[in-house]
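Taking it in order: structure first as structure tokens, then the write-up.
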Amino acid sequence: MKTAKEMNYKQNQLAQALKSGNSHNVGIIVPFINRNFFSSVIRGIEEELTPHGYHVVICQSHENVDNEIEQINTLLNMQIDGIFMSVSKTTKNTDHIKKVLDEGTPLIFFDRKKEIAGVSSVTIDDFKGGYMAVEHLISQGCNKIAHFPGDLHLEIYQNRYNGYLAALKAHNIKFNPDYIIETNSKIESGASAISQLWELNEKPDAIFSAGDYPALGAIQELKRRKIKIPEDVCVVGFSNEPFTKYMELPITSVDQTPVNMGKIAAQVFLEPIKGSQTITIEKKVVLTPELYIRNSSNRNLSL
């Protein structure tokens, strides 16, 4: 030990991993890290795994499936003990994801997932979140509710859209396809969607956005047009980003409990390890969303 210290010897972690079959590293693949939701999920995973001696390697796909493929290969070459993943919006073919299973590496989806046998997932009930948001708008007297669904190729946005449709149907409100404006996750897309909607003869009296950033853009454009919120138009977002409660006009939003989602995903990963067995039974954990009602949609506060 004295000689090793004098020679500044460092253990080869990869060699150790090859010998023991356990690197105590896990990979996390997210579309972006600069969104509160994904950084909070990572925090939850870390908080749960750190006491068990695990370290995390974070990768960003930037919504590019080619990046995702390269990152999975890199993580597998690192002898990673498991991968937590939220798929990119450009991921259609799942062969690269199935490769993780072929290698015998545990894989757990969170938020965005693909239906692959043997893969566990932790998500929220996006359908219920969409339903809750629209039902709240209806309770405020709104019956011409527009929706910004995000990329409908992703299951989470499709489920929120289906919740929107179901709430309209349950309250006998006619669906208007002109009120559906697909947006991305940027503020500008929400402002642009309002411009499109305000070209219609019959303008909406509420906006339900599948993301908070387009909701913010919608509010900015409505204010620019001197339209009163929530008196003339109510606005609800989705994700409960931190900025929503600190705005001059706080924004109503559906919370996805991201830290808790990360913790539970980590617990799903740890369970078979604690039991000294390989993951063979997939788990589908669906968390309940919560609606935080604020000034952007609460007409009772504006009276």
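The values are calculated or read from the model by the stated rules, or taken from the named source; none is laboratory data. Being a predicted model, the structure only gives us computed values, none of them experimental. A quick note on method: Cβ atoms are made from the backbone with ideal geometry, for glycine too, and the neighbour counts reach across all protein chains shown. Heavy atoms of the whole protein, side chains included, go into the accessibility calculation; ligands, DNA and RNA do not. Shrake-Rupley method; radii C 1.70, N 1.55, O 1.52, S 1.80 Å.
Quick one: grab the alpha carbon gyration tensor of the range 125-201, order the square roots of its eigenvalues as a ≥ b ≥ c, and give me rounded if a/c is under 1.5, else prolate or oblate depending on whether a/b is larger than b/c. Walk me through the numbers on the way to the answer.
Details: a/c = 1.88, a/b = 1.13, b/c = 1.66.
Oblate, because a/c is 1.5 or more while a/b does not exceed b/c.
What the range 51-194 shows is 43 Å² of accessible area per residue, with the surface traced by a 1.4 Å probe over protein heavy atoms.
Among the trypsin sites (Lys or Arg not before Pro) in the range 158-202, those located in a DSSP loop and surrounded by at most 13 other Cβ atoms within 10 Å of their own Cβ are K174.
Close amide H contacts of V235 (hydrogens built in the peptide plane, cut-off under 5 Å, sequence separation of 5 or more or a different chain): I207, S297.
A Förster distance of 25 Å, applied to the separation of the beta-carbon atoms of T94 and V57, puts the FRET efficiency at 0.70.
Of all the accessible heavy-atom surface of the chain, with the other protein chains kept in place and a 1.4 Å probe, what percent is carbon and sulfur? List each step's numbers first, then the result.
Values: 7250 of 14790 Å².
Here carbon and sulfur together make up 49 percent of the probe-accessible area.
Could you work out how much longer the chain between K144 and K283 gets when fully extended? Use 0.36 nm per residue separation minus the Cα distance between them, nm to one decimal.
46.1 nm
The range 60-103: D in µm²/s via Stokes-Einstein (Kirkwood Rh, Cα pairs, 4 °C, 1.567 mPa s)?
It comes out at roughly 122 µm²/s.
With Rh defined as the Kirkwood radius, the inverse of the mean 1/r over Cα pairs, the Rg/Rh of the range 62-158 is 1.12. Phi angles across the range 84-98 convert, under the Karplus curve 6.51 cos²θ - 1.76 cosθ + 1.60 with θ = phi - 60°, into 3J(HN,Hα) values of 9, 8, 10, 5, 6, 6, 9, 7, 10, 6, 10, 4, 5, 6, 5 Hz, Gly and Pro given as x. Spherically averaged projected area of the convex hull of Cα atoms, the chain: 19.0 nm².
I'd like the orientation of helix 155-170 relative to the chain: the angle between its Cα long axis and the longest Cα principal axis, in ° from 0 to 90, rounded to 10. Orientation of helix 155-170: about 30 degrees from the principal axis. What is the angle, in °, between the Cα long axis of helix 212-224 and the longest principal axis of the Cα atoms in the chain? Nearest 10 is fine, range 0 to 90. So the helix axis and the longest Cα principal axis differ by about 30 degrees. For the range 176-303, the extents of the C-alpha atoms along the principal axes are 63, 31, 22 Å, listed from largest to smallest.
With R₀ fixed at 25 Å, the C-beta to C-beta distance from N172 to L200 puts the FRET efficiency at about 0.70.
How long are the three semi-axes of the equivalent ellipsoid of the range 224-267, in whole Å, if each is the root of 5 times an eigenvalue of the C-alpha gyration tensor, listed from largest down?
Each semi-axis is √(5λ); the values are 31, 10, 6 Å.
Just to verify a number: FRET efficiency for R43 and E155, C-beta to C-beta distance, R0 = 25 Å, to 0.05? Before the final figure, lay out the partial values.
On the way: r = 24 Å, r/R0 = 0.96.
E between R43 and E155, to the nearest 0.05, is 0.55.
For the pair D102 and A117, label points projected 7 Å from Cα toward Cβ lie 1.6 nm apart.
Angle check, please: helix 36-49 long axis (alpha carbons) against the longest principal axis of the chain (alpha carbons), in degrees 0 to 90, nearest 10. So the helix axis and the longest Cα principal axis differ by about 30 degrees. Dipole size of the chain about its Cα centre, with +1 on Lys/Arg Cβ and -1 on Asp/Glu Cβ: approximately 380 debye, rounded to the nearest 20. Looking at G44, I181, F148, which one has the Cα that reaches farthest to the positive end of the dipole of the chain (charges on Cβ: Lys, Arg +1; Asp, Glu -1)? Looking along the dipole axis, the top candidate is G44.
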